[in-house]
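The values are calculated or read from the model by the stated rules, or taken from the named source; none is laboratory data. Since the structure is predicted, the reported quantities are computational estimates derived from the model, not experimental observations. Positions of Cβ are generated from backbone atoms using ideal geometry, with glycine treated the same way; all protein chains shown enter the neighbour counts. Calculation scope for accessible area: heavy atoms of the full protein, side chains included, ligands and nucleic acids excluded. Shrake-Rupley method; radii C 1.70, N 1.55, O 1.52, S 1.80 Å.
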Amino acid sequence: VSVSRIRNFSIIAHIDHGKSTLADRLLQVTGTVEQRQMKEQFLDNMDLERERGITIKLQAARMNYQAQDGETYVLNLIDTPGHVDFSYEVSRSLVACEGALLVVDASQGVEAQTLANVYLALENDLEIIPVLNKIDLPGAEPERVIEEIEEVIGLDCSNAILASAKAGKGIDEILESIVRLIPPPQDTVDEPLRALIFDSYYDTYRGVIVYFRVVDGKVRKGDRVRLMISKKEYDIDELGVLSPNQIQLDELHAGEVGYFAAAIKAVEDARVGDTITLARQPAEEPLPGYTEAKPMVFCGLFPIDSDQYKDLRDALEKLKLSDAALSYEPETSSAMGFGFRCGFLGLLHMEIVQERLEREYNLDLIVTAPSVIYRVTTTVGEVFEIDNPNQLPPPGNRESIEEPYVRVEILTPEAYVGTLMELCQTRRGIFQDMKYFTPTRTNLIYEIPLAEMVTDFFDRMKSRSRGYASMEYHLLGYRQDNLVKLDLLVNGDPVDSLSTIVHRDKAYPVGRALTEKLKELIPRHQFKIPIQAAIGSKIIASEHIPALRKDVLAKCYGGDISRKKKLLQKQAKGKKRMKSIGTVDVPQEAFMAVLKLD
Ligand code: GTP
């Protein structure tokens, strides 16, 4: 195809505004996927994602479209994921495009993530086509939402399209607009090859499958290519396009989007954002890439049964092949034994990995409370980073502790501004700005320590706003503060995996709340169990769990044996998620208690 007949675009949308439904509809109308092959939401093909209704993995699809001008165009859709943890993935898909559909639910309106993504698209000079989706809903108010888009984003909506992805309305108009409004890629076929990696996944048989956009030049099957940043070289075994199933071709040129396989062993070896060039005729400069996705949230993963340690290691190794953002290294805990310290992009990423380990690999795990990366300066001027509270040097040896801050933007109906500001304040937020756009959209901007965000901030924001507020955040940098390590002692023994780093002003209330919570969560035993919170050797809060008075089986003595069995079974089941710490059985929830305080 001639470059002038290629259009590369993505879809920007807030979760649930209908991006996947629209993508499906485009594939169907262009005949890319036949009706009978059409699974609902073709592009979201991981089970977990489908269950949660979120797109995680970026995908691409090539469609042929015969436009009203009689010409056939190649439309490449590059799907973008829609969750806060994954905003970096959005940026990488946008860089590979010349335009974007901005899909907004006409019964809802502009949300924080829509906003963040549109700004990214504008920064990348993309042509944006607003699409008001779900106009079939009785509550749809396209005029109000158009006004909102113009007010909040400052985007001209004169070419906005009213659509219903579900009912198939406005789809032709969308396709025509893509052809008419989004510019074709630049014709740089004669320049040395430069192609941008925007995604990859691991295939057991072929090795890593790399998704890329050719920016300059052309690439053929059999070419020896060099990755300009990693400096590694590979021979291309297989090359093709995604339609959305892989279709092999011999050559791709500037402007095209496709995939290749080259016996690459792990996704880490073909980093997203790297530039591919030809080994025999390399380009001079790599393309501007993306900032690497770094793990920001860490937690310990420990097998309940220590026999599963090796299985856990193998499972993490496998997951890592397809997830470059996941990090892990062995961790030994005096309370929990052998496990791994794992790093994630955010809380959702953490939950997903944890769930996959349990479901796909049949592991029973105890997960410790999430932590962020702290930067510590010692009294001798040494600076290092820790991702585990237990790596903190003793108070006498440290000069200062710095913690990461994020800038949080919340979009909310005016009615919830008060309660959300209160939430931000209790999370040590620093107020920056408040912009009033429309009665339903006020923008609150705060700077908040990341550590205060990873403890269920998102859920609290949702419940305080009855689901109406949305948020987006990005990392600002490190700031010093008065932070201390809070330890928990169960039955007189410090439990390392319950330690947290907190602000000194919050240490007392957090210590009290934690001991109370643990008292609730740890079951009674045959003996009395003291629970204490301490900073260094100083106890700042204490509670105790009274001894169990009656044997739970006592009432069955002489009774019916099947009832006795049932009771024992019930107890065994309840025990499944327990870790023995000394002589005390501690349930999984206790390790997450710090998330459930307020
Ligand atoms: P994520 O994958 O989580 O980002 O969501 P999404 O934006 O891809 O939304 P999705 O396509 O999964 O749609 C969310 C819900 O809205 C689904 O239940 C769809 O059936 C529904 N939906 C999508 N488009 C329309 C529409 O035009 N009208 C109506 N009434 N419902 C729609």
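What residues qualify as long-range amide H neighbours of Val131, i.e. H under 5 Å apart, gap of 5 or more or another chain, H built at 1.01 Å from N?
Amide H to amide H, under 5 Å and 5 or more residues apart or across chains, Val131 pairs with Leu102, Val103, Val104, Ile161.
What trypsin sites (Lys or Arg not before Pro) does the stretch 217-266 have in DSSP loop regions with at most 11 other beta carbons within 10 Å?
Lys231, Lys265
With a 1.4 Å probe and all protein chains left in place, how much accessible area per residue does the chain have, in Å²?
I get 44 Å² per residue for the chain.
If each residue of separation counts as 0.36 nm, what is the full-extension length gain between Leu122 and Arg524 once their alpha-carbon separation is subtracted?
Length difference between fully extended and current span is 138.9 nm.
Long-range amide H contacts for His525: which residues qualify at under 5 Å (H placed 1.01 Å from N, peptide plane, sequence gap of 5 or more or a different chain)?
Under 5 Å from the amide H of His525 lie the amide H atoms of Leu548, each far enough along the sequence or on another chain.
Can you tell me the relative contact order of the chain? Whole percent, Cα pairs under 8 Å, sequence separation 6 or more.
10 percent
Would you mind pulling out the separation of the Cα centroids of the stretch 475-498 and the stretch 413-429, in Å?
26 Å
Between Phe431 and Glu150, what is the FRET efficiency for a Förster distance of 30 Å, r being their Cβ-Cβ separation, to the nearest 0.05? Intermediate values should be presented prior to the final figure.
Values: r = 27 Å, r/R0 = 0.91.
Efficiency computed from Cβ-Cβ geometry: 0.65.
Heavy-atom accessible area of Tyr309 with all protein chains present, probe 1.4 Å, nearest 10 Å²?
Result for Tyr309: roughly 60 Å² accessible.
For Asp187 and Lys166, compute 0.36 nm times the residue count separating them, minus their Cα-Cα distance, and round to one decimal in nm.
The Asp187-Lys166 span can extend by a further 3.9 nm.
If exposed means no more than 10 neighbouring beta carbons inside 10 Å and the site is in a DSSP loop, what's the longest run of the chain without any exposed GluC sites (Glu not before Pro)?
For GluC sites (Glu not before Pro) (loop position, at most 10 other Cβ atoms within 10 Å), the longest site-free span of the chain is 285-598.
When a/c reaches 1.5 or more, the comparison of a/b and b/c decides; with that in mind, is the stretch 125-192 rounded, prolate or oblate per its Cα gyration tensor?
oblate
What chymotrypsin sites (Phe, Trp or Tyr not before Pro) does the stretch 205-256 have in DSSP loop regions with at most 10 other beta carbons within 10 Å?
Tyr205
Counting only protein heavy atoms, what percent of the accessible surface of the chain is carbon or sulfur at a 1.4 Å probe?
Details: 12640 of 26580 Å².
Roughly 48 percent of what the probe reaches on the chain is carbon or sulfur.
Which whole-percent values make up P(r) of the stretch 437-485 when all C-alpha to C-alpha distances are grouped in 5 Å steps starting at zero?
4, 14, 24, 24, 15, 11, 6, 2, 1
As I understand it, the dipole of the chain uses +1 on the Cβ of Lys and Arg and -1 on the Cβ of Asp and Glu, about the Cα centre. Which of Ala23, Ile366, Leu102 lies farthest toward its positive end?
Ile366
Report the calculated FRET efficiency for Gln66 and Lys231 (r = Cβ-Cβ distance, R0 = 56 Å), to the nearest 0.05. Provide the component values of the computation, followed by the final result.
Working: r = 44 Å, r/R0 = 0.78.
The formula returns an efficiency of 0.80 here.
For Phe384 and Tyr201, FRET efficiency with R0 = 30 Å and r from the beta-carbon atoms, rounded to 0.05? Before the final figure, lay out each step's value.
Details: r = 34 Å, r/R0 = 1.13.
That pair, Tyr201 with Phe384, gives E of 0.30.
Using only alpha-carbon positions, what ratio does the radius of gyration of the stretch 310-466 give when scaled by 2.2 N^0.38 Å?
Relative to the rule-of-thumb radius for its length, the stretch 310-466 sits at 1.28.
Rounded to whole Å and sorted largest first, list the principal axis extents of the Cα atoms in the chain.
Extents along the principal axes: 84, 66, 56 Å.
Using only helices, what value at 222 nm comes out for the chain when you add -39,500 (n - 2.57) per DSSP H run of length 4 or more and divide by the total residues, to the nearest 500 deg cm²/dmol?
Theoretical 222 nm ellipticity from helices: -7500 deg cm²/dmol.
Between Ile539 and Val1, how many nm apart are label points set 7 Å from Cα along the C-beta direction?
Placing both labels 7 Å along Cα→Cβ, they lie 7.3 nm apart.
Scan around Gln59 for amide H atoms under 5 Å from its own, H built in the peptide plane at 1.01 Å from N, and keep only partners 5 or more places away or cross-chain.
Those lying under 5 Å, H to H, from Gln59 are Asp79.
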